[in-house]
Amino acid sequence: MNTATAPASPLDAPAATVLLDDPLELARFSRRRQGPGGRPELESGLQISGITCAACSSILEAALQRVDGVLEARVSAAAQRASVRWDPARTQASALIAAIRGAGYDAVPDAGAPAREARRAEHRRALWRWFVASFCAMQVMMLATPSYVAGPGELADDMRQLLNWGQWVLTLPVVLFAAGPFFQAGWRGLRQRRIGMDVPVALGVAVAFVASSGASFSPGGLFGTEVYFDSLTMFVSFLLGARYLELRARHRAQAELEAATASLPATARRERTDGSLETVSTLRLATGDRVLVPVGEAFPADGLLLSGPTQADEALLTGESTPVAKAVGDAVVAGSRNTGAPVRLQVERVGADTRYEAIVALMHEALTQRPASARLADRWAGPFLWAVLLLAAGSAAVWSLIDPAMAVPVAVAVLVVTCPCALSLAAPAALVAAAGGLARRGVLVQRLDAIEALAQVDRVFVDKTGTLTDDGQAVAELTMAPGVVAEVATCRSAAAGLAQWSTHPVARAVTAWGAALPMRDVQERPGQGLQGRDTRGRLWQLGSAAWLGIQADWAPGARSLLVCDGTALAAVQVLEPLRPGVAEGLALLQAQGLAPTLLSGDQPARVQALARRLGGIAAIGGASPQDKLDAVAAAQAAGQRVMMVGDGVNDAPVLARADVSLAMGQGALVARAQADAVVVSGRWGDVQRARATAQKTMRIVRQNLAWAAAYNAACIPLAVVGWLPPWAAGLGMALSSLLVVLNAARAAREDAARA
């Protein structure tokens, strides 16, 4: 239950309840439908607290039914959830909550109900299918046992046939219900003229059932006297068990993602112009709004603190369990929790523009991708399965001449044992597990192929500002040009007026100076600077000396110059401390055989000085975005696999060009969009751990592929010569797939990061 949606205090309860009638808020937990005569109806999901026994359900249903306009109310005590169908012309959502509270319980909107209900239904179907197959398999085995243990002449033919009929009856639910997904998936593939993994499974089940049915009702006829109901039911049971475990793992990942998306509060306390507070839906917040965030609540949007200090728990976003200290002027992100003191926040980004929503979108995107190794397996699956079908048909034909009674079991065993489930799971299972483990440690993978590429890199290019240096702690200083008569305050105000239009770390340091001169027609040249005009029409520029074409010998080491109508007035110098763990992280990468190169658009002297602080690594300074692209292209032309780590707007092209790219989570959105993975935590140690995880993951993938190949190479000959019965083939195939999934799960473990 999303407790963040509950009112913080009794005084706020009425306001928060009324907000549920807001159309934007109502759409989060209700869906529209048409009633009799086309009358509009709403069906709302509510999560209820206070239920202690099954009798509570009838109490709540009665309370809801007494509300005028409620058409139907269903309450589940086990799920602690209510589903209410109501007429929006006669009542409101707030009346439903009031009725539940009037009965002595409490309720909040259940926004994640549709997805959760779909998972619950899928889980219930999978569990029922597995149960039916397993239960029937045990009963079939009981009826088949006398045929196995009876000596010659000890079991009469009529009794044997009666037992076979009993097995046939018990096998019907397995074929018609439990094995339904195999037949459905196989038929869908055939309709699209594609042979999928389920085709040999469905064919094996069908052949075994038809042959066994013929032997049961017409002994000694076309299909002989042997029945394989026990092998068939056990095979289906084993395979459904392996798929059920895979389903549980997938649902667990989806539930964790859903829990993450439910961390934002549903309401916020917004300041009016007169200083009073109003409770509004977070969907109504806009840039520039000021909100009050009490202790214990999550920040509803990205913004800057107007009061403080406080602490923010960013574990959900960065994996860092220790709350981060925040002072006035510091940035906070939506979804992080205020744990220090009540604060006021000025909203900068809302909705899909927030860092939180971007992270959630990245996770969704990564989970829906198919890696290149999986696509390669899909391309080989068609020819492989055709070969399997031909091999099964050929084996059956040969055995029909040698021993007709062995033809069907050999064909079924070949079809079953060669089902490439383990092969198809070898890479995706490991890559998805690794992506989930990295996400918990603050590294979000946007492209699963990046894990394989990350394990293969042998050259690293690293941006400087914001990537190696801690831009959050940068301090800007203004140095006036000799002979300039302009006021220092005017220059600082003009520089801040331009800097507030950029997210570059230097610009953020300048913005901290305070009062900003209003600017219009502001333009940013990525990697070069900004320019704009003040209210008097003067052209102000803040950027590199090379872009401005001005020599500034009087300000060695200056990051930017401030120019007004072509005249240099001052220089901006920035003191940038290194990020924690940078030196250690680069040293570990060097120990792994990587050659890091510092690639920055900053002045060469500053870049070389930083390179010396980092142990004398290679460095290229004064690089434009095109220069960075050329450096990466040259390394790739030399046969090197390149990783780029950056965070700025000017890094976006080179991040896209590199074989694999990582963006620091606090960087620009366009840089994060071009990167293959985002280091949300901003910790350099996580960069090294991400590569170590990628290397271990690829070792696991190779182990899985080797096992799948060895398993098929060993078992196919056994099935062809008749030494592997269908039930053993089914058990081996299911255990093989399960082994691959369990081995792949190791990629998500914490120790994988240290491997």
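Which residues does the label zone of GLU348 cover in region 485-501, counting backbone N under 11 Å from a point 7 Å along Cα→Cβ?
Answer for region 485-501: 500-501.
What trypsin sites (Lys or Arg not before Pro) in region 479-568 are in a loop by DSSP, with at most 11 other Cβ atoms within 10 Å of the Cβ?
Hits after loop and neighbour filter: ARG536.
Using 0.36 nm times the number of residues separating LEU629 and LEU155, minus their current alpha carbon distance, what extension gain do you get?
Length gained between LEU629 and LEU155: 162.5 nm.
Roughly how many nanometres apart are two label points built 7 Å out from the Cα toward the Cβ at GLN640 and VAL485?
5.4 nm
What distance in nm separates the simple spin-label points at ALA710 and VAL328, each placed 7 Å from Cα in the Cβ direction?
6.7 nm
Can you figure out the FRET efficiency of GLN592 with ALA618, using R₀ = 22 Å and their beta-carbon distance, to the nearest 0.05?
It comes out at approximately 0.85.
Calculate, in whole percent, how much of the Cα-Cα pair population of region 475-575 lies beyond 22 Å.
16 percent
With each label point set 7 Å from Cα along the Cα-Cβ vector, what nm distance links GLU584 and ARG90?
Output for this residue pair reads 6.6 nm.
Given a Förster distance of 41 Å, report the FRET efficiency between LEU277 and ARG520 from their Cβ-Cβ distance, rounded to the nearest 0.05.
Calculated transfer efficiency: 0.75.
Report the calculated FRET efficiency for ARG533 and ARG749 (r = Cβ-Cβ distance, R0 = 60 Å), to the nearest 0.05.
Rounded to the nearest 0.05, the efficiency is 0.55.
A short reminder: the numbers here are calculations on the coordinates, not readings from a lab. Everything numeric in this text was worked out from a predicted model, so none of it was measured. FYI the Cβ positions are ideal-geometry reconstructions off the backbone, even for glycines, and counts take in every protein chain you see.
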